[in-house]
1. Out of all the residues in region 172-201, which are free of Cβ contacts under 8 Å to residues at least 40 places away in the same chain, outside any helix (DSSP H, G or I) and either crowded, with 21+ Cβ neighbours inside 10 Å or outside the structural domain of I120 (by TED's automatic domain parsing) (or both)?
2. Go through region 146-191 and report how many residues are over 19 Å from the mean Cα position of the chain (by Cα) and of a type in the set (G, A, S).
3. Take region 202-214 and flag every residue that is in contact (Cβ under 8 Å) with a residue 12 or more places away in the chain and either outside the structural domain of V168 (by TED's automatic domain parsing) or more than 12 Å from L180 (Cα to Cα) (or both).
4. What is the one condition in (1) over 23 Å from A12 (Cα atoms); (2) outside any strand (DSSP E or B); (3) over 16 Å from the mean Cα position of the chain (by Cα) that I143 does not satisfy?
5. Considering each of T53, T88 in turn, give the residue that is within 18 Å of Q40 (Cα to Cα) and modelled with pLDDT of 95 or more.
6. Just the residues that are farther than 22 Å from R70 by Cβ, of a type outside the set (A, V, I, L, M) and either surrounded by 11 or more Cβ atoms within 10 Å (Cβ to Cβ) or touching a Pro at 6+ places or on another chain (Cβ under 7 Å) (or both), please, taken from region 1-44.
7. So how many residues does region 157-171 have that are surrounded by fewer than 17 Cβ atoms within 10 Å (Cβ to Cβ) and of a type in the set (D, E)?
8. Taking only region 68-87 into account, find how many residues are crowded, with 16+ Cβ neighbours inside 10 Å and assigned to a strand (DSSP E or B).
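The values are calculated or read from the model by the stated rules, or taken from the named source; none is laboratory data. Only a predicted model underlies this, so the values are computations on that prediction, with no experimental measurement involved. In this analysis, Cβ positions are derived from the backbone assuming ideal geometry, glycine residues included, and neighbour counts consider all displayed protein chains.
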Amino acid sequence: MKYEQVCPVSLASEVLAERWTPLILREVVLFGRRHFSEIQHGVGRISQSLLSTRLSSLEAAGVIERRPNRHGRGWEYHPTPAGQELETVLNQLGIWAQHWIELRREDCDPAYLMQTVHAILRPEKLPAGPVTVRFEFDGQPKIYWLVIDGPQPELCYYDPGRDEDLVVRLDEQVFGSVVLGRTRFADALGRGAIRLDGRPDLVRSFPSWLGGTRFARYATPGVTPA
């Protein structure tokens, strides 16, 4: 969209304010996603064709650049100096939302929540030896598994065929608030919004597995944004 206004905000909005574009930039600039499939996976419900269009627009605007894939076919997407400067803008958007935007149930897609959980795991706190954790969400029939067996935990979207050592049942909205740092894990556990069943040692240690998200430190636990 062309606003045709002599204003830096309107000029920036022509590049950045299209649907999905801020999330694409989040993946590339903040999270360092470099491959098309990684970006699509992180953004979520965006078609390949639309993602391709948005990436091309950002490339034409000088915000990102394509480079040959160092490990095979295809391309990598890297922020240009202009894109790197957007890190401050994207951070401030997230901080602003932590202060002022309420979290709704429809914002708490379990698939994205599980991606976030996988990203914030603290390797030094994970149990040694093979452990399989099953995640169930109150509002969604989909089940996820976390397999801890080796240096890199694996997030599974289909039954890995292993005995489950811990079952985590979650209210997705409350758990989303925990992930964002707005609700304390212990408070959610006390309210029954998180239920843990399985080996006692895993039940005790599970809360310590989770680190903080990028924006969690800007939230005040127990305080709902205005």
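1. Those that are free of Cβ contacts under 8 Å to residues at least 40 places away in the same chain, outside any helix (DSSP H, G or I) and either crowded, with 21+ Cβ neighbours inside 10 Å or outside the structural domain of I120 (by TED's automatic domain parsing) (or both): T183, I194.
2. Qualifying residue count, region 146-191: 5.
3. L202, V203, S205, F206, P207, S208, W209
4. (2)
5. T53
6. Y3, Q5, S10, S13, E14, E18, W20, T21, P22, R26, G44
7. 3
8. Selection size over region 68-87: 3.
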